[in-house]
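Report on the structure given below.
The values are calculated or read from the model by the stated rules, or taken from the named source; none is laboratory data. This one's a predicted model, so the numbers in the text were calculated from it and none came from an experiment. So basically every Cβ, Gly included, is an ideal-geometry build from the backbone, and we count neighbours across all protein chains shown. SASA here: full protein model, heavy atoms, side chains in, ligands and nucleic acids out. Shrake-Rupley method; radii C 1.70, N 1.55, O 1.52, S 1.80 Å.
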Amino acid sequence: MNYQDTVNWMFQQLPMYQNKGKSAFKKDLSNTLKLSAQLNHPEKKFKSIHVGGTNGKGSTSHMLASILQEAGYKVGLYTSPHLKDFRERIRINGKVVSKQFVIGFIKRNKAFLESNNLSFFEMTVGMAFDYFARQKVDIAVIEVGLGGRLDSTNIITPVLSIITNIGFDHMQFLGDTLQKIAGEKAGIIKQNIPVVIGETQPKTRAVFEAKAKSTNSEICFADQIVKDVFESDLKGSYQKHNIKTVIQSVKVLTHFGYNISNQNLKNGLLNVVKNSGLQGRWQVLQENPKVICDTAHNSEGLSYTMRQLQSEKYNNLHIVFGVVSDKDLEAILPLLPKTATYYFCKPNVQRGLDAKVLKTVFNSNNLLGNAYASVKEAFSCAKLSADKDDLIYAGGSTFVVAEII
């Protein structure tokens, strides 16, 4: 199989959450542990940092990787989902894994993967850990896929766990209260391993403190300690929370002997995109008209991006918007501007919500616009309609952003 055949085969190993949603969620780590044993426990051969939370875990992971690179370390970075190419999920010092490694890993392990019915996400985690071990990274930043306790990445024992914040997302797996969701995310807190919590929230604080006490883990809340933030090339207003989380995490790492100077920290934050390849976070795609895309896709994330939109200067606002079918529309409708013209579209994944359904719900809430056959068509029509002093925002789902960048 060539690279495309290999990736297609992986995507067909259902269930895969990106397409299927709830049916892809595994209830234990047994498959991942089996694969780890088959690969001779690669996750035990490198040091790691585990990053979870509802929003900001991707940006936080990329920022940390960038800073560690600036400090001279060989840094693995595992994140999900990807936007354009599967290989974005697995990087070392910003460079994506080679096509040859992806092909070779599947070829070597295909019989095992098939006979044990491993999911797309489980085999991807195994591939990443195998790659980092073979390449002898100094440290790897590992982003949780979904939740924490039962996530495939949770077979690692990191040097530091990080939980950015807790919001309402993926409630069908993680629970319908912030406390229940926090309980699942807290599953990445390990015995005697320190944990940095990004944002102090009244409903979740006690959950994290109780878990840290039970695991004898030193716990700190970044937003209570870090007052000043440094500038970053990631320009979303919400990034100030992630920057505080990262600054506190770096403090903890230096305490454990990692050699990271203040200049490394500043340079790392200023060069996240260059060092780590991050895309889709308040990304300005063009000017005249200005086009901004952002992967924010739940009420907490969208509340920040919509607030930031208000501070932009423009004549008319055009919003290209699509969501997945399990999205809580009632929670996000009040956040969106009624003065915008909407271009409704269905992201090209199985669980994308039909654009006509989205249009009906939005129109009945005075958010007006038309439905289009694809993200590409919606985006093209927005660009045709917009004057040079207008602004186009594209988002609602990671998968919408993936189709336009």
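Exposed loop sites here are GluC sites (Glu not before Pro) in DSSP loop states with at most 15 other C-beta atoms within 10 Å. What is the longest stretch of the chain lacking them? Show your work: numbers first, answer last.
Numbers: sites that count: E218, E231, E287, E312.
Result, exposed sites excluded: 1-217.
On a 0 to 90 degree scale, rounded to 10, what angle separates helix 375-385 from the longest Cα axis of the chain?
So the helix axis and the longest Cα principal axis differ by about 40 degrees.
More than 23 Å apart: what percent of Cα pairs in the range 25-118 qualify? Show your work: numbers first, answer last.
Details: 1530 of 4371 pairs.
Cα-Cα pairs in the range 25-118 separated by more than 23 Å: 35 percent.
With a/c under 1.5 counting as rounded, go ahead and sort the range 276-405 into rounded, prolate or oblate using the C-alpha gyration tensor (a ≥ b ≥ c being the square roots of the eigenvalues; past the cut-off, prolate if a/b is larger than b/c, else oblate). Walk me through the numbers before you get to the answer.
Values: a/c = 1.27, a/b = 1.18, b/c = 1.08.
Rounded, because the longest to shortest axis ratio a/c is under 1.5.
Determine the calculated [θ] at 222 nm for the chain from helices alone, applying -39500 (n - 2.57) to every DSSP H run no shorter than 4 residues and normalising by the residue count; nearest 500 deg cm²/dmol. Don't skip to the end; give the middle numbers.
Values: 18 runs with 169 residues, N = 405.
After summing the helix terms and dividing by the residues of the chain, the value is -12000 deg cm²/dmol.
For an R0 of 22 angstrom, estimate the FRET efficiency from the Cβ-Cβ distance between F230 and R307 and round to the nearest 0.05.
Once rounded, the FRET efficiency stands at 0.50.
Ignoring ligands, DNA and RNA, what percent of the accessible area of the chain is carbon or sulfur (1.4 Å)? Please list the in-between numbers first.
On the way: 8020 of 16620 Å².
The value for the chain is 48 percent carbon and sulfur by accessible area.
Quick check: the distance between the Cα centres of the range 143-212 and the range 377-401, to the nearest angstrom?
When both Cα centres are located, 35 Å separates them.
Given the Cα-Cα distance of I405 and K383 and 0.36 nm per residue of separation, how much length would full extension add, in nm? Walk me through the numbers on the way to the answer.
Working: separation 22, 0.36 × 22 = 7.92 nm, distance 1.40 nm.
Roughly 6.5 nm would be gained on extension.
Provide the FRET efficiency to the nearest 0.05 for the K356-N117 pair, computing r from the beta carbons and using R0 = 45 Å. Before the final figure, lay out each step's value.
Numbers: r = 36 Å, r/R0 = 0.80.
Here the calculated transfer efficiency is 0.80.
Between Q239, Q279, Q350, find the one with the highest GNM mean-square fluctuation for the chain; connect C-alpha pairs within less than 10 Å.
Looking only at Q239, Q279, Q350, the largest GNM fluctuation is found for Q350.
Does the range 205-342 classify as rounded, prolate or oblate by the C-alpha gyration tensor (a ≥ b ≥ c root eigenvalues; a/c under 1.5 gives rounded; else a/b over b/c gives prolate, otherwise oblate)?
Oblate, because a/c is 1.5 or more while a/b does not exceed b/c.
For the chain, what size does the Cα cloud have along each of its three principal axes, sorted from largest down, in whole Å?
Cα extents, longest axis first: 55, 51, 38 Å.
For I92, what charge total do you get from the other residues with a beta carbon under 11 Å from its beta carbon, if Lys and Arg give +1 and Asp and Glu give -1?
Working: positive: K74, R91, K95, R134, K136; negative: D138.
Within the 11 Å Cβ shell, the charges total +4.
If you find the alpha carbon centre of the range 67-87 and of the range 108-131, how far apart are they in angstrom?
Centre-to-centre (Cα) distance: 20 Å.
So for the range 279-372, averaging the separation of alpha carbon pairs under 8 Å that are six or more residues apart and normalising by length, what relative contact order in percent results? Numbers along the way, then the final one.
Working: 128 pairs, mean separation 21.0, N = 94.
The value is 22 percent.
Springs between alpha-carbon atoms under 10 Å, Gaussian network over the chain: tell me which of V137, V349, V246 tops the mean-square fluctuations.
Fluctuation is largest for V349.
Net charge within 13 Å of M1 by Cβ-Cβ distance, Lys/Arg positive one each and Asp/Glu negative one each, not counting M1 itself? Walk me through the numbers before you get to the answer.
On the way: positive: K99, K107, R108, K110; negative: D5.
With Lys, Arg at +1 and Asp, Glu at -1, the net is +3.
In a shell of Cβ-Cβ distance under 10 Å around G58, excluding G58 itself, what net charge do Lys and Arg (+1) and Asp and Glu (-1) give?
On the way: positive: K57, R281; negative: E143.
Net of charged neighbours comes to +1.
Please work out how many pairs of lysine residues in the range 32-151 are eight or more positions apart (or on different chains) and have Cα atoms closer than 13 angstrom. Please list the in-between numbers first.
Numbers: K44/K136; K45/K136; K47/K74; K47/K136; K74/K95; K74/K136; K99/K107.
So the count works out to 7.
Excluding residues on the same chain fewer than 8 positions from K338, give the lysines whose Cα lies under 28 Å from its Cα.
Excluding near neighbours in sequence, the set is K235, K240, K290, K313, K327, K346, K356, K359, K376, K383, K388.
Build a GNM of the chain with springs between Cα atoms under 10 Å: which of T254, T153, T164 gets the top mean-square fluctuation?
T254
Sequence neighbours fewer than 8 away in the same chain don't count; with that in mind, list the aspartates and glutamates whose C-alpha is under 20 Å from K244.
Within the straight-line cut-off, K244 pairs with E70, E143, E199, E209, E218, D223, D228, E231, D233, E300.
Modelling each spin label as a point 7 Å along the Cα-to-Cβ direction, I'd like the S364/M1 distance in nm, to one decimal.
4.3 nm
At a threshold of 8 angstrom on Cα-Cα distance, excluding pairs fewer than six apart, so keeping six or more, what relative contact order does the chain reach in percent?
Details: 821 pairs, mean separation 68.0, N = 405.
Answer for the chain is 17 percent.
What accessible area per residue, rounded to a whole number of Å², is obtained for the chain using a probe radius of 1.4 Å? Numbers along the way, then the final one.
Details: 16620 Å² over 405 residues.
Per residue, the chain has an accessible area of 41 Å².
Size of the dipole of the chain about the Cα centre, Lys and Arg at +1 and Asp and Glu at -1 on the beta carbon, nothing else charged, in debye to 20? If you can, show how the numbers build up before the last one.
Values: 49 positive and 35 negative charges, 172 e Å.
In total the dipole reaches around 820 debye.
How high is the relative contact order of the range 337-376, in percent, with contacts defined as C-alpha pairs under 8 Å that are six or more residues apart?
52 percent
Choose one of I49, F321, I155: the residue whose Cα lies farthest towards the positive end of the charge dipole of the chain (beta-carbon charges +1 Lys, Arg; -1 Asp, Glu; about the Cα centre).
Sorting the options by dipole projection puts first I155.
Treat each spin label as a single point 7 Å out from the Cα along the C-beta direction, and report the S30 to Q191 distance in nm.
According to this spin-label approximation, the distance is 2.3 nm.
Hey, rough spin-label estimate for K107 and K180, points 7 angstrom out along Cα→Cβ, what's it come to in nanometres?
Modelled inter-label distance: 4.7 nm.
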